[in-house]
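Report on the structure given below.
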Amino acid sequence: MTDTPITDNSSADSSASLRASNWRLAGHRWAVEMLKKNIRRGTVRHAYLFTGPPGSGRRTLALRFAQALNCPTPLEAGVPCGACLTCRQIEAARYSDLSVIEPTIKDPNTKGLIPAPHGEIRIDQIRDQHKIVNLKPFQSNYRVSLFLRFHQANDNAANALLKTLEEAPSYAVLILTADAPEQLLPTIVSRCEALRLRPLRVEEAQKELETRGLEAGRAKLIAHISGGRIGYAIRLTENDSLLERRDERLNDLLSLLSASRVERFSYADKLSKDKDAMRETISFWLAYWRDALLRVSQAETPLINVDRNMEIENIASRLEFSAARDAVCRLEIALEQMDKNVNARLVAEVLLLDLPKI
């Protein structure tokens, strides 16, 4: 008879318990602890503002907070089980006492409103939500309204939200997400409990991706490309086409550096025909040029595009600091102009003509 080995699972159990207590989130422990204290002490605010770069986990934190507020079978006070019907419905944003308001555009076919990454939140959406907020919850303690990317609200919508913030009943919790508090009206920010989220360290993001089953080399690459923004990193792991588009656009950039004016004008015409694709392309190029600027300035900061280290070193060796800096500035300006609905063709042409010629 052979002895059966005894496996000590205490370490794994402890790790699982720790993760559950952090609402199954990677990072942002300080924010989770603050929100848990609000729940445990009965001091939940009527409005919260979660800010941070896109993909840093603002939406996920908001949904976990909604779960913690309304889970009928919490593991402990302020810690949702994550498995009950309520938690599953909130996770999918399909819960009766949860409303999600996000930027929209007009559908050219139906003339109705459809969600869009670079749309806007409109006054009618705020007015509709004002009515909903004042209804008592159907089946939970709190009615939660989640306003995603509220920095994309138009002026009328932003002003209308002030009325909702001032008149929200005790059972309503309003959560806004935005890139930065400076993008919102000061009167809105002052009425919210503000939590500024930051990306994870690249090493932490890599470790998180490895725990999700990603091979170490790929996890390292995606952690760097995402800059520690774990939400964006997870999207990269789930969408191979996004990485493929990145490679294509960076290859295009390398070709354009030695291209003629005619070729650059031709590419600008093609690029400007899809505004969302153009924003994405500029974002890829911006990360690449920031890496080049780091190398020109001989900074010790790790590169984002680690898989293109040799290319970037080669470009940096042929650039003056001022040229690399100007390229970064022009790309940042181009993104700002896109957000302000400046003519996309004009933005693309100016950007392409101003790129350094190598």
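The values are calculated or read from the model by the stated rules, or taken from the named source; none is laboratory data. Every value quoted in this text rests on a predicted model; they were computed, and no experiment measured them. Positions of Cβ are generated from backbone atoms using ideal geometry, with glycine treated the same way; all protein chains shown enter the neighbour counts.
Some points to look at:
- Considering the conditions (1) free of Cβ contacts under 8 Å to residues at least 60 places away in the same chain; (2) not in a loop (DSSP other than H, G, I, E, B), residue 144 is excluded by exactly one of them, (1).
- Any hit, region 290-302, residues being of a type in the set (Gly, Ala, Ser) and either buried (at least 19 other Cβ atoms within 10 Å of the Cβ) or in contact (Cβ under 8 Å) with a residue 12 or more places away in the chain (or both): yes
- Remark: pairs (first residue in region 248-275, at pLDDT 95 or above; second residue part of a helix (DSSP H, G or I) and among the acidic types (Asp, Glu); Cβ separation under 6 Å; 6+ apart in sequence or on different chains) = 268/349.
- One residue stands out in region 39-53 among those that are over 11 Å from residue 179 (Cβ atoms) and hydroxyl-bearing (Ser, Thr, Tyr): the one that is surrounded by the most Cβ atoms within 10 Å (Cβ to Cβ), namely 48.
- Test: residue in region 103-123 that is among the hydroxyl-bearing types (Ser, Thr, Tyr) and buried (at least 20 other Cβ atoms within 10 Å of the Cβ): no
- Between 193, 208, 204, the distinction of being closer than 16 Å to residue 56 by Cα, surrounded by fewer than 20 Cβ atoms within 10 Å (Cβ to Cβ) and either touching a residue at least 24 places away in the same chain (Cβ under 8 Å) or assigned by TED's automatic domain parsing to the domain that holds residue 308 (or both) belongs to 204 only.
- Flag if residue 105 is touching a Gly at 6+ places or on another chain (Cβ under 6 Å) and either outside the structural domain of residue 342 (by TED's automatic domain parsing) or part of a helix (DSSP H, G or I) (or both): yes
- Selection status of residue 328, assigned by TED's automatic domain parsing to the domain that holds residue 279, outside any loop (DSSP other than H, G, I, E, B) and either surrounded by fewer than 16 Cβ atoms within 10 Å (Cβ to Cβ) or out of contact with any strand residue (DSSP E or B) (no Cβ under 7 Å at 6 or more places or on another chain) (or both): yes
- Of all residues in region 128-165 being surrounded by 14 or more Cβ atoms within 10 Å (Cβ to Cβ) and either of a type in the set (Lys, Arg) or not assigned by TED's automatic domain parsing to the domain that holds residue 50 (or both), the one that is nearest to residue 40 (Cα to Cα): 143
- Across region 305-325, the number of residues qualifying as among the hydrophobic types (A, V, I, L, M, F, W, C) and either outside any helix (DSSP H, G or I) or more than 28 Å from the chain's Cα centre (by Cα) (or both) comes to 6.
- So residue 35, is it touching a His at 6+ places or on another chain (Cβ under 8 Å) and either within 19 Å of residue 142 (Cα to Cα) or at pLDDT 95 or above (or both): no
- Where residue 100 falls short, out of the listed (1) more than 14 Å from residue 66 (Cβ to Cβ); (2) surrounded by 13 or more Cβ atoms within 10 Å (Cβ to Cβ): (1)
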